[in-house]
RNA sequence: UCCUGAGUAGCUCAGCUGGUUAGAGCACCUGACUGUUAAUCAGGGGGUCCGGGGUUCGAAUCCCCGCUCAGGAGCCA
């Protein structure tokens with residue numbers, strides 16, 4: 001299996017791709033793509049050609065081509081599809097370092113009135129044209145980083161003894177019982193919901209295969225309207241039998257370090273296009289920072305970061321009370337001092353989900369952890385050691401007013417060979433947003449789903 | 001859902017305390033140019049001022065209602 005190298009290139013016609021041009025210096029190539037940009041100066045025309053792998057400048061000199069081809073070059077519009085033949089030349093005047101001396105152009109389709117011009121556009125307009133916006137260089141770079149992040153995650157788990165165990169998207173009940181779910185009618189069996197997390201199923205899978213991960217889209221019908229929320233996003237959720245909270249946090253660090261350095265290694269060009277300060281990413285090395293929830297509260301109060309409550313239109317600031325969950329203000333204040341991620345662990349039980357295991361040393365706490373990313377990356381990971389005691393879990397389900405029937409199979413896991421186990425969820429888009437430095441989470445998923453937007 | 005803000009040409013915007021024929025840049029069309037990078041220069045076409053109601057001699061401008069969108073909060077990845 002290790003010797004197996006997938007390859008299908010020999011079955012395709014021999015064309016060339018822009019990302020491989022350095023191999024063809026001095027040779028004639030045929031490129032297939034789209035006109036990214038065109039300018040000209042009399043007898044000289046410059047075509048920025050993109051083919052999905054990169055952009056290269058193609059130079060058309062009137063003396064080198066037929067009159068027909070030159071006139072075609074002059075009339076080419078943005079995003080017209082063309083097949084260009086020419087020789088590859090190294091040239092410092094070209095942005096990519098290479099240039100194509102054009103000998104022939106074949107028009108596939110002449111584009112008229114491409115909506116996205118080289119001028120600025122508003123967010124709303126760009127989102128309405130997301131299907132075309134993806135062609136522009138920054139979006140193109142973000143999507144390539146996203147693909148690298150996903151590959152890093154899969155490589156990391158596959159290479160460390162984890163098995164991919166996909167969880168269902170249509171589910172009969174809420175996983176955590178807290179957030180609002182998308183609802184649909186499921187034949188004669190009643191309501192079904194789009195999954196907000198694969199975790200409960202991952203736990204069952206971990207009891208069968210030891211170390212597993214699920215990777216898929218999840219759905220939250222919350223009316224969130226911020227630059228870090230989507231209603232549909234992708235999450236990877238490892239779940240490990242016999243892992244305690246410490247193991248869980250160690251694994252989360254290993255994973256995030258691997259992702260960041262995989263992207264640094266394979267996406268230099270993309271990060272440059274995005275004008276990302278990569279020295280900040282270089283610093284993401286183990287060990288990350290760690291503090292308990294209680295330490296974090298002490299830190300907030302020592303640094304006078306209050307809790308702001310609104311009472312009857314009046315804003316009241318008070319010392320941060322132990323037991324309250326952190327909001328955006330607290331998280332940002334804590335992270336401002338750090339140049340790499342920080343894990344906050346041992347939260348109060350009442351602000352966390354029912355399935356988390358109580359701290360045996362303090363029943364007010366749960367063995368939970370969140371990883372916050374620096375540079376306003378926010379919460380990228382949430383995880384915990386799971387409650388593995390049958391009675392304790394059953395009581396939690398009852399306390400939360402969750403339907404016991406629907407959780408019977410989940411309780412079974414605590415009945416038949418229950419073991420300590422842990423896991424976490426890492427948000428793909430939040431991670432890509434942090435690594436790319438994108439301003440808004442909608443830019444890091446090909447087709448974002450937000451409360452007021454489902455097209456395209 | 002709550003708070004705040006925005007909607008004028010295909011796009012990004014200007015348009016003052018209401019005033020007569022609503023403007024610019026880009027994009028598009030015509031022409032000039034052998035090194036452009038959001039090229040430059042000359043010329044040209046292009047408007048339901050978000051919708052409805054009101055105030056006024058007169059509304060893009062002021063008031064009310066609605067629609068659409070954006071940012072933030074809470075929830076969380």
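The values are calculated or read from the model by the stated rules, or taken from the named source; none is laboratory data. Predicted model only: the values in this text are computed from it and were never measured. All Cβ positions, glycine included, derive from the backbone under ideal geometry; neighbour counts span all protein chains shown.
Brief remarks on what is shown
- In segment A:2-37, the residues that are in a loop (DSSP other than H, G, I, E, B) and at pLDDT 90 or above: A:17, A:26, A:27
- Residues in segment A:411-429 that are surrounded by 19 or more Cβ atoms within 10 Å (Cβ to Cβ) and within 17 Å of residue A:239 (Cα to Cα): 10 in all.
- Among (1) over 11 Å from residue A:31 (Cβ atoms); (2) away from RNA strand B (no atom under 11 Å from the Cβ); (3) surrounded by 15 or more Cβ atoms within 10 Å (Cβ to Cβ), the one test that residue A:105 misses: (1)
- Pairs with Cβ under 7 Å, 6+ apart, first in segment A:22-48 and within 16 Å of residue A:109 (Cα to Cα), second away from RNA strand B (no atom under 16 Å from the Cβ): A:31/A:16; A:31/A:51; A:32/A:15; A:32/A:51; A:32/A:83; A:33/A:51
- Exactly one residue among A:78, A:57 is near RNA strand B (Cβ under 8 Å from one of its atoms), out of contact with any helix residue (DSSP H, G or I) (no Cβ under 9 Å at 6 or more places or on another chain) and at pLDDT 90 or above, and that residue is A:57.
- Residue match in segment A:409-419 (condition: assigned to a strand (DSSP E or B) and at positive phi): no
- For segment A:220-243, filtering for residues that are more than 9 Å from RNA strand B (Cβ to nearest atom) and closer than 15 Å to residue A:181 by Cβ leaves 1.
- Scanning segment A:117-139 for residues that are surrounded by 15 or more Cβ atoms within 10 Å (Cβ to Cβ) and more than 8 Å from RNA strand B (Cβ to nearest atom) yields a count of 10.
- Across segment A:332-358, the qualifying residues are those that are closer than 25 Å to residue A:434 by Cα and assigned to a loop (DSSP other than H, G, I, E, B), and the one among them that is nearest to RNA strand B (Cβ to nearest atom) is A:352.
- Screening segment A:163-240 for strands (runs of 3 or more DSSP E) wholly inside it with 1 or more residues that are within 27 Å of residue A:439 (Cα to Cα) returns the ranges A:211-219.
- Of the candidates A:456, A:446, A:360, the single residue that is loosely packed, with under 15 Cβ neighbours inside 10 Å and free of Cβ contacts under 8 Å to residues at least 60 places away in the same chain is A:360.
- Test for residue A:285: is it in a loop (DSSP other than H, G, I, E, B), within 30 Å of residue A:367 (Cβ to Cβ), touching a residue at least 24 places away in the same chain (Cβ under 8 Å) and touching a helix residue (DSSP H, G or I) at 6+ places or on another chain (Cβ under 9 Å): yes
- Neighbours by Cβ (under 7 Å, 6+ apart or cross-chain): first from segment A:368-381, over 21 Å from residue A:247 (Cβ atoms); second in a strand (DSSP E or B) and more than 7 Å from RNA strand B (Cβ to nearest atom): A:378/A:372
- Counting the residues of segment A:429-441 that are in contact with a helix residue (DSSP H, G or I) (Cβ under 7 Å, 6 or more places away or on another chain) and more than 7 Å from RNA strand B (Cβ to nearest atom) gives 6.
- Segment A:60-74, residues that are more than 18 Å from residue A:97 (Cα to Cα) and more than 7 Å from RNA strand B (Cβ to nearest atom): A:64, A:65, A:66, A:67, A:68, A:69, A:70, A:71, A:72, A:73, A:74
- Selection from segment A:372-390 of residues that are closer than 30 Å to residue A:412 by Cα, touching a helix residue (DSSP H, G or I) at 6+ places or on another chain (Cβ under 6 Å) and within 9 Å of RNA strand B (Cβ to nearest atom): A:381, A:383
- Taken as a whole, the condition of being in a helix (DSSP H, G or I), within 16 Å of RNA strand B (Cβ to nearest atom), on the phi < 0 side of the Ramachandran plot and over 30 Å from the mean Cα position of the chain (by Cα) does not apply to residue A:40.
- Residue within segment A:292-299 that is in contact (Cβ under 8 Å) with a residue 60 or more places away in the chain and under 26 Å from residue A:255 (Cβ atoms) present: yes
- Per the listing A:264, A:209, the residue uniquely within 22 Å of residue A:158 (Cα to Cα), within 18 Å of the chain's Cα centre (by Cα), in contact (Cβ under 8 Å) with a residue 12 or more places away in the chain and away from RNA strand B (no atom under 16 Å from the Cβ) is A:264.
Okay, residues lined up against (1) farther than 23 Å from residue A:215 by Cα; (2) in a helix (DSSP H, G or I):
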| site | (1), (2) |
| --- | --- |
| A:363 | yes, no |
| A:366 | yes, no |
| A:372 | no, no |
| A:391 | yes, yes |
| A:394 | yes, yes |
| A:424 | no, no |
